[in-house]
1. Only bridges with both residues in region B:86-302 count here: give the DSSP antiparallel percent, nearest 5.
2. 7 Å along Cα→Cβ for the label point: how many nanometres lie between residue B:294 and each equivalent label in the other copies, listed shortest first?
3. Extension gain residue B:263-residue B:341, at 0.36 nm per residue separation less the Cα-Cα distance, in nm?
4. Every other copy gets compared here: list the nm distances from the residue A:183 label point (7 Å along Cα to Cβ) to its counterparts, shortest first, one decimal.
5. Go through A:265, A:325, A:299 and say which Cα lies farthest out towards the positive end of the charge dipole of region A:261-343; charges sit on Cβ, +1 for Lys and Arg, -1 for Asp and Glu.
6. Cα-Cα over 30 Å: which of B:39/B:296; B:102/B:296; A:81/A:365; B:336/B:365?
7. Which residues' amide hydrogens lie under 5 Å from the amide hydrogen of residue B:90, considering only partners 5 or more residues apart or on another chain, with H built in the peptide plane?
8. Order these by the 10 Å Cβ neighbour count, fewest first: B:350, A:259.
Number of protein chains: 2
Amino acid sequence: MEHPENNKEYKGLAVNKGIEKPASVNPYLKSHRPVMKKKLSVSEYVEGIVKGDITILSRAVTLVESVLPEHQVIAQEVIEKCLPYSGHSIRVGISGVPGAGKSTSIDVFGLHVLQKGGKLAVLAIDPSSERSKGSILGDKTRMEQLAVHPASFIRPSPAAGSLGGVARKTRETIILCEAAGFDKIFVETVGVGQSETAVHSMVDFFLLIQLAGTGDELQGIKRGIMEMADGIVINKADGTNIEKAKLAQTQFRSALHFFPASDSGWIPPVLTYSGFYNIGIKEIWDMIDKYFVFVKENGYFDHRRNEQSKYWMYETINEHLRDSFYHHPVIQGMLKQKENQVLHSELTSFVAAKKLLDTYYQELKK
Amino acid sequence: MEHPENNKEYKGLAVNKGIEKPASVNPYLKSHRPVMKKKLSVSEYVEGIVKGDITILSRAVTLVESVLPEHQVIAQEVIEKCLPYSGHSIRVGISGVPGAGKSTSIDVFGLHVLQKGGKLAVLAIDPSSERSKGSILGDKTRMEQLAVHPASFIRPSPAAGSLGGVARKTRETIILCEAAGFDKIFVETVGVGQSETAVHSMVDFFLLIQLAGTGDELQGIKRGIMEMADGIVINKADGTNIEKAKLAQTQFRSALHFFPASDSGWIPPVLTYSGFYNIGIKEIWDMIDKYFVFVKENGYFDHRRNEQSKYWMYETINEHLRDSFYHHPVIQGMLKQKENQVLHSELTSFVAAKKLLDTYYQELKK
């Protein structure tokens with residue numbers, strides 16, 4: 001049986017927003033009763049989204065994120081009907097270790113791109129986040145200017161869960177946002193490894209924010225992250241820190257030299273800036289603009305998007321095949337024992353695997 | 001129906017060695033009839049291997065590599081009975097691009113380590129190899145001195161197939177060789193990406209052979225390979241090439257600086273040598289000796305071997321789960337269509353995946 005505490009996602013939504021499920025309150029105290037919103041049909045959701053209605057978009061995203069099967073059924077229909085309206089945006093992934101100044105940077109980047117018009121959605125992937133702890137408020141506070149901008153939509157990471165699940169929800173939210181007319185999508189993630197790969201698999205441009213500091217920044221970068229970057233930007237290049245930032249810039253430039261050329265043919269630039277003092281922001285965005293011209297011309301833009309769509313289909317299949325095996329109660333009961341037999345040289349890895357698989361397929365036939 | 005040409009592995013064995021299946025010849029020409037070897041029982045195989053009988057070891061490896069189910073059954077029993085005698089060796093993976101001089105190097109490395117006694121097995125992983133084209137002879141010719149050394153056993157890559165399958169066979173051959181008293185195992189692979197990962201997952205030390213040349217060697221290295229290396233050695237550091245090799249050494253040393261420290265705590269050295277002129281070989285082997293002292297002391301040696309055993313169990317399971325899905329005839333009939341629907345925005349990646357999975361599980365119940 002599942003412990004009710006595990007259902008944090010749904011609880012969080014209900015308590016924070018009063019949607020779909022009223023909080024448990026004394027029914028006689030009318031003033032404490034949350035306002036019940038009218039249930040919408042699939043076509044009402046789709047119409048609202050395509051019209052650019054932020055409230056309806058927001059409610060649709062809540063459905064996407066819900067763990068309730070009946071919500072998922074509606075959500076999937078809504079997403080499918082929104083698909084033809086999606087795809088017309090530039091998607092930028094933004095990553096950086098905690099303390100690199102991601103939120104301030106996204107705030108100033110966002111204001112900069114919105115000066116030219118259009119609409120910006122800021123999403124996030126953070127498998128460790130727990131929405132019930134109030135990070136909605138957190139995110140909005142951290143991006144002060146964007147939070148009050150009429151053309152922006154900020155949505156924090158879906159609540160904690162498997163990375164695959166969290167990432168899928170963010171990817172589906174991108175579709176809804178695009179259908180609602182958002183032509184710029186930022187997807188933020190923390191610099192902790194696997195979540196970068198997930199973000200990379202859903203954006204067109206991957207921006208890595210770094211910080212100049214001890215002079216040995218490069219050692220702190222997780223494996224594989226630098227190879228994903230389409231651009232590296234070094235924050236806090238201001239005041240007495242400028243020299244350090246320039247040094248880090250040189251270091252990163254020579255480090256990039258050691259990585260094989262990317263499939264796009266694009267060579268990732270390294271720039272310095274100051275999010276706090278608003279220095280060098282235009283240059284960063286010019287670089288990103290240049291990238292999009294470059295990859296749209298050489299065909300890599302469409303190629304990458306197609307690869308991503310396929311990737312997500314296959315990834316969803318593979319994750320499901322694994323989950324279905326490893327979460328099977330009979331397999332769970334046997335797995336540790338077989339692993340120990342392998343570790344004690346009583347079984348080969350292959351025979352242990354085969355015994356588990358035979359059991360599994362027999363169970364599926366029951 | 002399978003095309004008979006696909007069964008190259010078995011054909012190759014039969015034709016090259018005359019084991020288990022006589023070549024089709026005129027029965028009246030007695031002199032052309034290959035000698036039929038007596039079939040061995042599992043315990044005869046195991047006894048022979050443990051005694052160090054090279055002919056029986058060789059025949060057991062042939063069983064491991066066979067695609068015939070009845071051979072696999074015997075092979076798995078033999079491996080299982082050999083397991084308690086295995087594990088007592090040092091396993092060194094050796095990789096490098098074609099032209100780096102791998103064979104000559106392995107020849108001189110091998111002779112060097114055999115000077116101190118013991119026995120050396122040289123195996124290979126090359127998913128692109130086709131044994132029927134005669135690479136047994138090829139390998140033995142390329143390693144002239146080892147080929148005739150009484151304490152060496154050279155076995156080329158199992159025939160072409162999936163990387164997972166080829167790698168598993170090599171891993172199982174390691175077990176048999178160790179049970180036969182081989183205390184040094186070299187596993188060679190070509191520098192083409194995925195096969196390095198497979199080799200890395202079955203050896204204790206991963207040696208990367210590089211070549212000094214154009215001054216921009218680093219750009220040619222495949223993603224992720226340098227991060228696997230426990231040591232990098234630059235070949236052909238002789239004559240007028242010494243300067244270039246020293247330059248490459250400096251380049252690789254600074255490149256390594258940009259990678260995160262490895263889990264073992266070991267910092268990969270970069271050395272130069274000449275396989276052809278037999279210069280610097282002792283230093284390379286001293287480095288490898290030092291590594292083994294280091295990781296046996298800090299516990300990483302056992303840790304890595306345990307992780308590898310688990311990895312192979314889980315990898316076998318995951319590969320089987322995927323194969324069983326993607327090779328299912330009903331799924332194969334649907335897959336391309338669903339992929340196209342995803343690419344044309346008619347279905348979300350998730351819904352397409354779900355439809356395929358639902359079909360698959362229904363089929364399994366039949």
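Each value in this text was obtained by applying a stated rule to the coordinates, not by laboratory testing. The structure presented is a predicted model; accordingly, all values stated were derived computationally and were not measured. Reconstructed Cβ throughout: ideal geometry from the backbone, glycine too, with neighbour counts over all protein chains shown.
1. The antiparallel proportion sits near 5 percent.
2. 3.7
3. Numbers: separation 78, 0.36 × 78 = 28.08 nm, distance 4.33 nm.
That pair, residue B:263 and residue B:341, stretches by 23.7 nm at full extension.
4. 7.3
5. After comparing all options, I get A:325.
6. Values: B:39/B:296 41 Å; B:102/B:296 27 Å; A:81/A:365 36 Å; B:336/B:365 23 Å.
Flagged as over cut-off: B:39/B:296; A:81/A:365.
7. Residues meeting the amide H criterion: B:184, B:185.
8. Numbers: B:350 24, A:259 18.
Least crowded to most crowded, the residues run A:259, B:350.
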